[in-house]
Structure formats: C-alpha cells, structure tokens
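First up is the structure itself, then whatever we jot down about it.
Computed from the coordinates by the stated procedures, all read-outs in this text should not be read as laboratory data. Computed from a prediction, not measured in an experiment: that's the story for all the values here. Glycine also receives a Cβ, built like all others from the backbone with ideal geometry; neighbour counts cover every protein chain displayed.
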Amino acid sequence: MSITSKAESPLSEEVREKLRRVSVATLTTLLLRRGLTNTFMKGVRPVAPGKRQMVGEASTLRLVPYREDLGNIFSRDNRSDLQRVTVETMPPGHVLVIDSRGDAGAASCGEILMLRMMVRGVEGVVTDGGFRDSPSIGALDIPTFHQAPAAPPIMVRHHPIEVGGVIACGGLTVFPGDIVVGDQEGVVVIPRALAAEIADEAVEKEDVEEFIALCVRAGESINDIYPPTPLLLERHAEWVRGGRKANAKEMLRA
C-alpha cells in the first residue's frame, strides 16, 4: 500500500523552485512540444485565489462509488480507512491527487483532514470532485484544487478503495511520483522523467517572454518577435548581459 514512487529519487529542491517560478501555461506549451497534448486537468480550479504555486510529487488516492455493504457509514476506523491512512502517512512535500471520477456530489475531503495535511507539510491537494467546508479550506495555508464545493460527507457518494495506484483525475492519467504543478489557472501533470529538463526550459522561456513583453509595451509589432526569432534571441541575450536594464526600444537593430 505504498503511496510513494520507489522508482525515482525525491524531487530536488532546485527543480522544485524552478517550477514554482513558471506558469502552468508555459509548462503545458513545453509538454506539447514533446507531443504530450493531455496534461492540463479539465474542470479543476483553485478553491481560493492567491495561494502560493503548488509543486510536488503525486501521491494518489482512488475513490469508487459508495455501496452500502462496504461498511458502516457512521463508523470509520482511522487506522484502516484508506482516506484517513493517506492523510496520516503521505510524505511531506507531496501533492495528494484524488480520483473522484469527476463526481462532486459529495466531498472528497473536508477541513479537518485538510488541516491535518497542512500541519504535516503536505504540498497541496487536488481532486476532480469537490471539497466540503470549502470556505474554511480556502483560508488555510495549503493550495487546494477541486471541481466545485461539495457539502455532503464522503460516504454519500464515495468509498476510498486504493492508495498509491495509477489513477484518473481531471481527464488525465496520474502515476504516483508524477510532478503536479498548480497555479491560478489550474493543474498540470508532468511525467517525472521530464521534470528537470522542462523546468530548465520553462525558466528560459519565461525570461525571453519577459523581454518580448517589454518590446510590445515599447510599441513593437509581434510579427518579428513572437514567436521569438533568432534576432529577438540575440537582443534578449544582449539585454541579459546588460543587466536587464536597457529599454527595448534602445536595442532595436536595423
């Protein structure tokens, strides 16, 4: 019942911090260039705006439709219930990704369990279902993403059946250990083997686009600068060498 990926070493702090600096939009573009078209979760959005960027390895929990013979809905054993076990054992720095089958008819998690994960150092929680106590969850210092608020308790619709398996969430396949990044637009899933190179390219891409934005603000047409041309990249390199202080207009070349 492992909820970690044993095939990979932990995500390095260097890669984690690079991914914190870039947008989900940039990451989806770079994944698309590698032929990965289905990397952005559908219908999954932040519970509350303004949280820090979420970056961490996926720990997974799969929920199936509740059936009455699966247990007493009013009596749950914290030491055997897989949702409660996950809350108490998933590694700090990981993102809990919950496969709720896109069903927000009952909560995939509530405030107390979310608070416990926050205190334990969990990086964030994502579901394609819903959270109850969502106003209170939105006030916690942990990034959270769901489809919609869901006030009824979990046992009305869901039963936790598997921890640490391959799941579906928001229309994506998620493996334990995949890298999950969330910002104000939503959540992207990066295959673990690509994370380091994607992080490097994303930082460079956003640096170039910062310069392009300066050029556009200075009145330049996008025709010869976006997507970046070789000449634009030369101008960007000169801007970097100059300490990023030169006005874009001053760097126009014939």
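Computed 3J(HN,Hα) for the stretch 175-192, one whole-Hz value per residue from the Karplus formula 6.51 cos²θ - 1.76 cosθ + 1.60 where θ = phi - 60°, is 9, x, x, 4, 9, 10, 10, x, 9, 5, 8, x, 10, 10, 10, 10, x, 3, glycine and proline marked x. Rg over Rh for the stretch 164-242 works out to 1.14, using Cα positions for both radii and the Kirkwood form for Rh.
Computed from phi, the 3J(HN,Hα) profile of the stretch 83-89 under the Karplus parametrisation 6.51, -1.76, 1.60 (θ = phi - 60°) reads 5, 5, 4, 4, 4, 8, 10 Hz, with x in place of Gly and Pro. Taking Cα atoms only, the orientation of helix 195-217 departs from the longest principal axis of the chain by about 50 degrees.
For SER108, the residues whose modelled amide H falls within less than 5 Å of its own, excluding neighbours fewer than 5 places apart on the same chain, are GLY130, PHE131, ARG132. The string of couplings for the stretch 17-33 from the Karplus curve (6.51, -1.76, 1.60, θ = phi - 60°) is 5, 5, 5, 5, 8, 10, 8, 4, 4, 4, 5, 5, 5, 5, 5, 4, 4 Hz, one whole number per residue in order, with x for Gly and Pro.
Dividing the summed helix terms, -39500 (n - 2.57) for each DSSP H run of n ≥ 4, by the number of residues in the chain produces a 222 nm estimate of -9000 deg cm²/dmol to the nearest 500.
Charge dipole of the stretch 198-251 (Cα centre as origin; +1 on each Lys and Arg Cβ, -1 on each Asp and Glu Cβ, all else neutral): 300 debye, rounded to the nearest 20.
Among [x] 30, 20, 17; [y] 39, 19, 17; [z] 41, 17, 15, find the value of semi-axes √(5λ) of the Cα gyration tensor in Å that was calculated from the structure presented, and write down its label. Looking at semi-axes √(5λ) of the Cα gyration tensor in Å for this model, the match is [z]. For GLU162, the residues whose amide H sits under 5 Å from its own are ARG62, ignoring neighbours fewer than 5 places away on the same chain, with H placed 1.01 Å from N.
Per-residue extension of 0.36 nm, minus the Cα-Cα distance of ALA148 and LYS245, leaves a gain of 30.5 nm for this segment.
State whether the stretch 198-251 is rounded, prolate or oblate according to the following rule on the C-alpha gyration tensor (a ≥ b ≥ c being the square roots of its eigenvalues): a/c under 1.5 gives rounded; otherwise a/b larger than b/c gives prolate, and the remaining case gives oblate.
Oblate is the answer for the stretch 198-251, as a/c is 1.5 or above yet b/c matches or exceeds a/b.
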